[in-house]
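Since the structure comes first, as structure tokens, the remarks are kept for the end.
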Amino acid sequence: MSASKSIRNVLAVMSLAASTAAFSADIIPLNFDPPGVGFNDPTPVDPVGGNPGTTLGEQRQYVFSVAAQAWGDKLQSDQPIFMAAFFQPLTCSPTTGVLGSAGPTYVFRDFPGAPLAGTWYVSAQADSLSGEDGAPGYVDMVARFNGDIGVNPDCLTGQTWYNGFDHNNDPTTEIDLISVVMHEFAHGLGFLTLAGSNGALFNGLPDAYLVNMMDGDLGKRWPEMTDAERAASGVNSGKLVWAGDEVTLNAPTALGPRPSVLVNTPKALAGSYEAQSASFGEPLRENGGLTGKMVVANDGVGVSTDGCEPITTKLAGKIALIDRGACTFVTKVLNAQAAGAKGVIIVNNAPGGLPGMGGFDAAITIPSVGVSKADGDAFKAAAAGNIVGKLILDGQFLAGADANGYVKLYAPNPYQPGSSRSHFDTSATPNLLMEPSINDDLAPLFDLDLTVPLMKDIGWNLQ
């Protein structure tokens, strides 16, 4: 996981009291940090958010212990699961950075109790299913966390780790460590595919995660595809989905109505089009919505439809169509609002996917959304005549799922190492734990949204 506000993809034992549930997994984080840093940092701190630690290192140990027990209480295993964990400098800049990374150390196939033949399972899961330690003396997963945060002023400047358990952090200055740790634990437990970016299977065989991946355009699961088809599917944003039964069954309880542009006229375009809500301005509503004529905004400078300069088009009472690029989403929407627009649609400037629509400005009071290039280009073409649409939360669809109810996986184009395919898509609303970047509105600690159903889909036995 990483921050821009992102999480990507051996010590003394850190543990709390073991869970009492029968067969609950005993996940044991191991402290591999050298003296004086990371888990051993002696800096005095006050207890915070339910974390009783009085040094920075002690608080970090408590965070990992709580996360380990939370995950252990969800899964069954009579074999201990060992995680090597440490803090170290990771890729970072003043505005964006990798928060952590984790993955399995070993994978196994065709062991006693394996649900599928010829299929790779990560070490922790294989041990659980077989009842035996497949790699005695070795850890099952390794996790790294960014030790520069709050220390190096050039790494996510002005931010630091928040070590409480209550998610009561200030999103402008603090990064919720427990959320990052819970996320990375999931990767080590099997929330990832081993397939290469070129679509090649690991040692020629599928993994337990990959067997549930499906391309909505091809209507095929990944084990049925060629390497070339998998490579193309891995960057088919919005069409790469999770087809496992448990996630699909639980999606309606985890996801809300889909942000959409509902076109009324012309009849040729009538229908509901998926959109991405902005993180700023007036939120979309499920009942009523905001209706208006769509008009292409023109600022008369350079790329005149990018809305980066004061807009000259008469937008009073209209929904402005503005192209992505050259300036921030906030700037575009502020310029449209100043010209009288009551809503804004940002049209993506590249095929595939929806604009991220991030940013913040309290001065913005109108709703705005982002749409795909294909949909936006169709809207702009129709705006030469008359196109009327509504910005709305459409209860006919789930935010983050396709029209068939399959939850989308993150598949940006170009491919992003460590993030693509092994996360849920960023279109999910409410935000999910296993999106590629951290969000400030995640569910409480013990509500792992769709992550636990996914674990069942890949073959874990749950409590």
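Things worth noting here:
- Counting DSSP beta bridges with both ends in the chain, the antiparallel % (nearest 5): 60
- Mean Cα-pair separation over length for the stretch 257-398, i.e. relative contact order, pairs under 8 Å, 6 or more apart, %: 37
- Three-way shape label, the stretch 24-85, alpha-carbon gyration tensor, a/c 1.5: oblate
- Gained length - Asn413 relative to Thr96, 0.36 nm times residue gap less alpha-carbon distance: 112.2 nm
- Leading residue at positive end of dipole, the chain (Cβ point charges), from Ile366, Gln76, His167: Ile366
- The stretch 257-398, dipole about Cα centre (Lys/Arg Cβ +1, Asp/Glu Cβ -1), debye to the nearest 20: 340
- Each residue of the stretch 155-172 is assigned a 3J(HN,Hα), and the resulting list reads 10, 6, 3, x, 10, 8, 6, 9, 9, x, 9, 9, 6, 9, 8, 7, x, 7 Hz, derived from the Karplus form 6.51 cos²θ - 1.76 cosθ + 1.60 (θ = phi - 60°), x at Gly and Pro.
- Considered as an equivalent ellipsoid built on the Cα gyration tensor, the chain has semi-axes of 41, 27, 18 Å, the largest given first.
- Per-residue [θ]222 nm for the chain (sum of -39500 (n - 2.57) over DSSP H runs n ≥ 4, rounded to 500): -5000 deg cm²/dmol
- Label-point separation in nm, Lys267 to Asp26, each point 7 Å along Cα→Cβ: 7.1
- Per residue, the convex hull spanned by the alpha carbons of the stretch 257-398 comes to 96 Å³.
No value in this document is a laboratory result; all are computed from the given coordinates. Predicted model, so just to flag it, every value in this text is computed and none were measured. Virtual Cβ from ideal backbone geometry, glycine too; neighbours counted across all protein chains shown.
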